[in-house]
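Remarks on the structure that follows.
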Amino acid sequence: MTLAVGLATALASRLRLRHCAEVGPGTLAHGRLYIRGGGRIRLGARVVLDGRCTPIELHVGPGAELLIDDDVHIEGGTSIEALQRVHIGARSHVGGFCKLLDNHFHQVTGNRRERPASLPVEVDADVRLGARSILLPGAHLGAGTLVHAGTVISRRFPPGVVLSGVPASVRRRSP
């Protein structure tokens with residue numbers, strides 16, 4: 001990459017990320033990125049948001065926060081919605097078309113217009129989320145966890161496991 005191309009990429013990324021409260025050095029946003037809501041977004045160093053094929057959506061409601069640590073890679077089509085808190089740990093990889101949300105937005109039974117309480121979503125360091133994975137409110141993935149494509153997670157899992165299924169279950173300990 002030439003110096004001019006690198007500089008243009010860095011400037012375009014800064015423009016796309018102008019609504020974030022903090023952006024670490026070397027962070028890049030490629031393609032389309034939609035940032036909505038009045039919450040706080042903090043991006044660590046060398047984060048890559050790759051929305052070249054399909055847009056990435058970050059919705060952080062008022063008073064909520066989205067924390068993405070250093071060296072995280074997020075692929076296109078991913079949607080992250082925080083009404084309280086979503087945290088993605090360092091060196092994690094979020095595959096394409098994943099969904100991370102800390103609120104169900106309506107009750108399953110009873111008054112469907114009443115919004116339930118939010119439960120934070122935590123993704124520890126070195127986690128790999130396969131494409132089309134869904135992390136529901138209260139999901140917590142321990143460090144080094146590998147999540148197969150299409151897995152739905154709604155609870156806490158220990159570090160170093162391999163998860164798959166709907167709902168998620170432990171397939172084995174990761175090597």
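Project the alpha carbons of the stretch 10-75 onto their principal axes and report the range along each, largest first, in whole Å.
28, 23, 19
Beta carbons within 10 angstrom, averaged per residue: use that to sort the peptides 125-135, 14-24, 45-55, highest first.
Descending mean neighbour count gives 125-135, 45-55, 14-24.
Once you have the Cα-Cα distance between Arg156 and Val48, take 0.36 nm times their residue separation minus that, and quote the gain in nm to one decimal.
36.3 nm
Suppose we keep just the DSSP beta bridges with both residues in the chain; what percent of those would be antiparallel, to 5?
Here the share of antiparallel DSSP bridges comes out near 10 percent.
How large is the dipole of the chain about the Cα centre if only Lys and Arg carry +1 and Asp and Glu carry -1, each at its Cβ, rounded to the nearest 20 debye?
Using Cβ point charges on Lys, Arg, Asp and Glu, the chain gives about 320 debye.
Only helical DSSP H runs with n ≥ 4 go in: add -39500 (n - 2.57) per run for the chain, normalise by residue count and round the 222 nm mean residue ellipticity to 500 deg cm²/dmol.
Per the formula, -2500 deg cm²/dmol.
Would you please give the residues with an amide H less than 5 Å from that of Val23, counting only those at least 5 places away or on a separate chain, with H modeled from the backbone geometry?
Leu43
Over the chain, what portion of Cα pair distances is larger than 29 Å, expressed as a whole percent?
19 percent
How far, in degrees from 0 to 90, does helix 3-16 lean away from the longest principal axis of the Cα atoms of the chain, to the nearest 10?
Helix 3-16 sits roughly 50 degrees off the main axis of the chain.
Using unit Cβ charges (K, R positive; D, E negative) and no other charged atoms, how large, in debye to the nearest 20, is the dipole of the stretch 71-175 about its Cα centre?
Computed about the Cα centre, the dipole is about 340 debye.
Rule-based calculations on the coordinates, nothing more; no lab input. Just so it is clear, the model here is predicted, and its values are computed rather than measured. No Cβ is skipped: glycine too gets one built from the backbone with ideal geometry, and neighbour counts run over all protein chains shown.
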